[in-house]
Amino acid sequence: MDEHVSLRDPEGPPVELIQVRAGNPGPMTLTGTNSYVLRDGDLVWVVDPGPRDPEHLAELLLRCGAAARPQGVLVTHRHLDHSAGAATLARQLAARSGHEVPLWAADPSAVPGARPLPATLEGDHGTVGHVIHLPGHTSDSVAVLVDGGRLLSGDTLLGGSSTVIVPDDGGSLTEYLQSLAILRAMTVDGRIGSIHPGHGTVMETPLDALEAIEGAIAHRRERIEEVRRARTAGVLTMDRLLRVVYGPDLPAELLGAARWNLRATLEHLTEER
């Protein structure tokens, strides 16, 4: 049986998906980190609690509900705009419910207090979501495919911007392209119906999701060719590559991200040889 086929009671209620946006907008976070509360009856999970912002964490507690039975807190990757508030929220949920609430991450060594991710999130009415490992943005990036074909994509896909590949955190353009190919196949065969990103706007329909995935693939392929042509023409230093590929007017706040992406592209070209 396919590992991403939902095993839920058709008589049971659908999984409720609640988005709560953190107040941390910026060049890298767009309108802020999107946190998600999953509800299956009175069982709840929180995905990407975001920064350690008391107001945001209080809103997540409110959305979980006073009578909720919290099952776990999950982060899609190590970056602090997704994970910094996770341990605090897990403790708050545990204090309110009276039982331990696990914190999960693909790389527990990178998220203090975390334990290894389960393969699925299981509720009273069956499978709530499947964890999908999608390295590329970072080595520990995952997504959660929620019942009903709703993909919580973390930073693997963003709503309105391209993803940064972070070599210092094990990010790999080669692996990122492989992850996008997996998501494209899952969308084409109907397993993904919408994408709910870690930042930016939701891709509400299968067509929106497929366009976003194919656009991301095309963008990376185009960038690879730009860098390949520049290197062939004798552009060898990072500073010159930045000017050739991104132009002279790159905002200062995006310079670091551009350097990461270029490093990832150069590493990918080396791997292709």
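The values are calculated or read from the model by the stated rules, or taken from the named source; none is laboratory data. Given the structure is predicted, the values throughout are model-derived calculations rather than measurements. Here the Cβ is made from the backbone with ideal geometry for all residues, glycine too, and neighbour counts use every protein chain on show. Please note that ligands, DNA and RNA were not included when accessible areas were found on the heavy atoms of the full protein model with its side chains. Shrake-Rupley method; radii C 1.70, N 1.55, O 1.52, S 1.80 Å.
In segment 149-194, what count of residues is obtained for those that are on the phi > 0 side of the Ramachandran plot and touching a strand residue (DSSP E or B) at 6+ places or on another chain (Cβ under 8 Å)?
Residues of segment 149-194 that are on the phi > 0 side of the Ramachandran plot, as a first pass: 149, 154, 160, 170, 190.
Applying the additional criterion that residues be touching a strand residue (DSSP E or B) at 6+ places or on another chain (Cβ under 8 Å) yields 149, 154, 160.
Result for segment 149-194: 3.
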Flag for GLY160 being in contact with a Pro (Cβ under 9 Å, 6 or more places away or on another chain), among the small types (Gly, Ala, Ser) and surrounded by fewer than 21 Cβ atoms within 10 Å (Cβ to Cβ): yes
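Being over 18 Å from the mean Cα position of the chain (by Cα) and buried (at least 18 other Cβ atoms within 10 Å of the Cβ) narrows it down to one of VAL235, VAL245, VAL188, so name that one. If you could, list the steps in order and put the result at the bottom.
Working: VAL235 fails: buried (at least 18 other Cβ atoms within 10 Å of the Cβ); VAL188 fails: buried (at least 18 other Cβ atoms within 10 Å of the Cβ).
Selected residue: VAL245, the only one of VAL235, VAL245, VAL188 that is over 18 Å from the mean Cα position of the chain (by Cα) and buried (at least 18 other Cβ atoms within 10 Å of the Cβ).
Which one of these is farther than 27 Å from HIS133 by Cβ, open to solvent by less than 70 Å² (accessible area, probe 1.4 Å) and not charged (D, E, K, R): ALA58, ALA67, ALA84, ALA110?
ALA58
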Criterion violated by HIS137 - all others in (1) of a type outside the set (A, V, I, L, M, F, W, C); (2) open to solvent by 40 Å² or more (accessible area, probe 1.4 Å); (3) under 30 Å from ARG263 (Cα atoms) satisfied: (2)
Top-ranked residue in segment 105-129 [being assigned to a strand (DSSP E or B) and out of contact with any helix residue (DSSP H, G or I) (no Cβ under 9 Å at 6 or more places or on another chain); ranked as nearest to GLU11 (Cα to Cα)]: GLY126
Residue match in segment 10-21 (condition: at pLDDT 95 or above, of a type outside the set (A, V, I, L, M, F, W, C) and part of a loop (DSSP other than H, G, I, E, B)): no
Selection count where residues are modelled with pLDDT under 95 and closer than 18 Å to MET186 by Cβ, scope segment 117-146: 1
Some residue of segment 23-30 being at pLDDT 95 or above, crowded, with 21+ Cβ neighbours inside 10 Å and either hydroxyl-bearing (Ser, Thr, Tyr) or under 14 Å from ASP155 (Cα atoms) (or both): yes
Residue tally, condition under 13 Å from GLU267 (Cβ atoms) and either open to solvent by 40 Å² or more (accessible area, probe 1.4 Å) or of a type in the set (A, V, I, L, M, F, W, C) (or both), over segment 164-182: 6
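Tell me which residues, restricted to segment 217-269, are of a type in the set (Gly, Ala, Ser) and in contact (Cβ under 8 Å) with a residue 12 or more places away in the chain. Give the derivation first.
From segment 217-269, those of a type in the set (Gly, Ala, Ser) are 218, 230, 233-234, 247, 252, 256-258, 264; that's our starting set.
Correct list: ALA230, ALA257, ALA258, ALA264.
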Qualifying positions in segment 31-55 - under 13 Å from ASP81 (Cα atoms) and open to solvent by less than 60 Å² (accessible area, probe 1.4 Å): GLY32, THR33, ASN34, SER35, VAL47, ASP48, PRO49, GLY50, PRO51, ASP53
Yes/no for GLU100 being acidic (Asp, Glu), in a loop (DSSP other than H, G, I, E, B) and open to solvent by 60 Å² or more (accessible area, probe 1.4 Å): yes
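For the structure I just gave you, tell me whether PRO197 is on the phi < 0 side of the Ramachandran plot and at pLDDT below 95. Break it down into steps so the answer makes sense when it comes.
Values: on the phi < 0 side of the Ramachandran plot: yes; at pLDDT below 95: no.
No.
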Test: GLY149 is under 22 Å from THR201 (Cα atoms), of a type in the set (Gly, Ala, Ser) and either surrounded by 19 or more Cβ atoms within 10 Å (Cβ to Cβ) or at pLDDT 95 or above (or both): yes
In segment 211-233, the residues that are of a type outside the set (A, V, I, L, M, F, W, C) and not in a helix (DSSP H, G or I): none
Among the candidates ARG220, ARG263, residue that is at pLDDT 95 or above, of a type outside the set (Asp, Glu) and open to solvent by 60 Å² or more (accessible area, probe 1.4 Å): ARG263
Filter result (over 27 Å from VAL164 (Cβ atoms) and assigned to a helix (DSSP H, G or I)) within segment 60-89: LEU61, LEU62, ARG63, CYS64
